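The values are calculated or read from the model by the stated rules, or taken from the named source; none is laboratory data. Just so we're clear, the structure is a prediction, and the values are computed from it rather than from any experiment. All Cβ positions, even for glycine, are placed from backbone atoms using ideal geometry, and neighbour counts span all protein chains on display.
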């Protein structure tokens, strides 16, 4: 699996690389690009009249956009944590050589001409053009860093609340942020300005202006209006779970979840009683936790065992596992509970409600079906795991 994952990342990187020796001159690089590639850069920078421009006109316009300090600053304010790390690394070094560098980490930088990749003699190089470095050096470093850090903190809160709640009012975001950052609360209109800027590129979250709320993009892309309204209805009157700042911001990472005692008990049982490898069990636990957080029925959780060909020895073992899974369900934070667990709000499920799943799991033949796990390579070719890409 690891070898296949690396091969996929390498092929994706090569697909978007310039074949040939490295070049650090932005003017020189742009002069060698096809009109199609130059047009893509012009589109990324929203250059007006680009469809009627000749190649040399496009090249000149793109060069002017990339080397404009104000536009560079605006683009840098939109970078996420991984992208900013890439930018800093390439600004400080002549190049980075890594055939397996995740494409998803530098795609935005590549699309905007702030970074280019070269494939030469079997090696992939990431390079930041000299002109980009010179333009960045023109920015007022202390002011830029202060503004970037502020935006990055607000962005972290948006991601954290999106992952924890699924949907929430912008007023709730301001309330939580100001409560945990009392010395530097959001000024009037500050959040609106940030949101307008963040949403200039595709995000994990979207703004629903009709409901005046932020929500997980998946609710729009895959759920539809019915699912959104159902979620909005289910959270009516429920209190929000708001952990302290350190714990809350952990949720900005899509892959983060609380490793509860119930998850640990399930993992221990599968390792010790079903004699499975720990690495596989960690992936199993990861997927079960995600399914629980999405409010999936118990049958879907048992399917996570089936798709891995995990067979229960007898009905007693099946019942023990399902009991452990129900405990996990009851102690998992849910969007429909405003981040609370069913147990915390007093609506925990018992084994009586697990009878349909018990019937399904009673046999000893696994059910075969196709499903992308959170830790599988994303089929889009980004080089990232599914949970870090299209599975967000």
Check residue 212 against each of (1) touching a residue at least 40 places away in the same chain (Cβ under 8 Å); (2) within 21 Å of residue 337 (Cβ to Cβ) and name the one condition it does not meet. (2)
The listed residue being over 21 Å from the mean Cα position of the chain (by Cα) and either loosely packed, with under 14 Cβ neighbours inside 10 Å or at pLDDT 95 or above (or both), out of 206, 281: 281
Positions within the stretch 116-126 being touching a helix residue (DSSP H, G or I) at 6+ places or on another chain (Cβ under 8 Å) and over 14 Å from residue 33 (Cα atoms), in sequence order: 119, 124, 126
Assess whether residue 35 counts as being free of Cβ contacts under 8 Å to residues at least 40 places away in the same chain and touching a helix residue (DSSP H, G or I) at 6+ places or on another chain (Cβ under 7 Å). yes
Does residue 94 satisfy the condition of being touching a residue at least 60 places away in the same chain (Cβ under 8 Å), surrounded by fewer than 19 Cβ atoms within 10 Å (Cβ to Cβ), farther than 19 Å from residue 9 by Cβ and in contact with a strand residue (DSSP E or B) (Cβ under 8 Å, 6 or more places away or on another chain)? yes
Of residues in the stretch 105-115 being more than 14 Å from residue 133 (Cβ to Cβ) and in contact with a helix residue (DSSP H, G or I) (Cβ under 7 Å, 6 or more places away or on another chain), the one surrounded by the most Cβ atoms within 10 Å (Cβ to Cβ): 106
Scan the helices (runs of 4 or more DSSP H) fully inside the stretch 188-290 and keep the ones with 1 or more residues being touching a strand residue (DSSP E or B) at 6+ places or on another chain (Cβ under 9 Å). 190-198, 224-234
Step by step: first the residues of the stretch 320-343, then only those that are more than 23 Å from residue 231 (Cβ to Cβ) and free of Cβ contacts under 8 Å to residues at least 40 places away in the same chain, then the one that is surrounded by the fewest Cβ atoms within 10 Å (Cβ to Cβ). Which residue is that? 323
Keeping to the stretch 309-333, report how many residues are outside any helix (DSSP H, G or I) and modelled with pLDDT under 95. 6
Can you pull out every residue in the stretch 47-70 that is surrounded by 16 or more Cβ atoms within 10 Å (Cβ to Cβ) and in a helix (DSSP H, G or I)? 50, 58, 59, 61, 62, 63, 65, 66
Do we have any residue at all in the stretch 228-235 that's outside the structural domain of residue 76 (by the TED database) and either modelled with pLDDT under 85 or closer than 29 Å to residue 107 by Cβ (or both)? yes
Looking only at the stretch 7-46, how many residues end up being more than 24 Å from the chain's Cα centre (by Cα), farther than 23 Å from residue 68 by Cβ and either assigned to a helix (DSSP H, G or I) or not assigned by the TED database to the domain that holds residue 62 (or both)? 1
Could you tell me whether any residue of the stretch 80-91 is more than 29 Å from the chain's Cα centre (by Cα) and either assigned by the TED database to the domain that holds residue 8 or more than 20 Å from residue 135 (Cα to Cα) (or both)? no
